[in-house]
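Data first, discussion second: the structure below is written as structure tokens.
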Amino acid sequence: MSRHPEVKWAQRTDKVFITVLLPDSKNAKVNLEPEGVFNFSATAGTDNNTYELKLDLFDKVNVEESKINVGVRSIFCILEKAEKVWWKKLLRGDGKAPHYVKVDWDKWVDEDEDKVGLGDLDLGGMDFSNFGGMGGMGDMMGGMGDMMGGMGDMMGGMGGMDEFEDSDDEGQEVTKPDDKAEGDAKPEEHGIGSSEKKEAEPST
């Protein structure tokens with residue numbers, strides 16, 4: 001049977017901080033969905049107990065811009081809100097927050113004091129990675145978008161080349177017959193063609 005780890009949270013106008021307190025966690029997996037669903041699973045303890053967590057957040061989040069740091073004692077997440085508005089609470093719905101979800105008073109500021117963003121937070125040199133990379137799907141979709149954009153640019157460039165080719169062809173149509181005739185005549189006039197033939201014939 002899975003257990004719930006303790007969760008602390010705080011917020012700014014544009015961000016939500018979620019800290020999952022689980023020392024020496026193994027195989028920690030965090031999945032964040034744009035609709036505001038936060039899933040966590042890991043094992044910890046000498047018996048490798050399973051810990052799981054699903055939070056239906058108050059509002060939508062920007063997965064690509066959100067960041068995560070998996071540390072020795074906790075998993076710290078900075079979630080970017082989809083809209084820069086102050087959330088009334090962490091979870092949607094009318095019920096009380098579960099007993100394992102608590103306010104992180106160390107990171108908390110009141111709405112009217114929220115002017116400094118991350119500047120007042122001591123992140124202790126944490127090394128963050130993007131949620132998009134963890135989920136894989138977000139990065140892949142972003143990559144596909146970039147690739148399609150690149151193909152569009154390439155097609156646009158090819159279109160431009162076609163235009164140039166058409167205009168070049170039109171200009172060359174007038175000059176080609178004269179150039180060709182002159183080009184054909186010149187080797188015979190100078191006897192280049194006949195001398196090449198003689199050199200190519202084997203000597204008897």
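See the values below:
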| quantity | calculated |
| --- | --- |
| R0 of 41 Å, Cβ-Cβ distance residue 113-residue 2: FRET efficiency to nearest 0.05 | 0.65 |
| Cross-link pairs beyond the 19 Å C-alpha cut-off, checked among 8/107; 15/67; 29/88; 67/88; 15/107 | 29/88; 67/88 |
| Packing-based order for 47-58, 102-113, using average beta carbon neighbours within 10 Å, highest first | 47-58, 102-113 |
| Compactness of region 1-85 - radius of gyration and Dmax, Cα, Å | 12.9, 42 |
| Difference of contour (0.36 nm per residue) and Cα-Cα distance, residue 106 to residue 27 | 25.7 nm |
| Per-peptide average of other Cβ atoms within 10 Å, ordering 94-101, 82-89 highest first | 82-89, 94-101 |
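No value in this document is a laboratory result; all are computed from the given coordinates. Because the structure is predicted, anything quoted here is derived from the model rather than measured. Cβ sites come from the backbone with ideal geometry, for glycine too, and all protein chains shown count toward neighbours.
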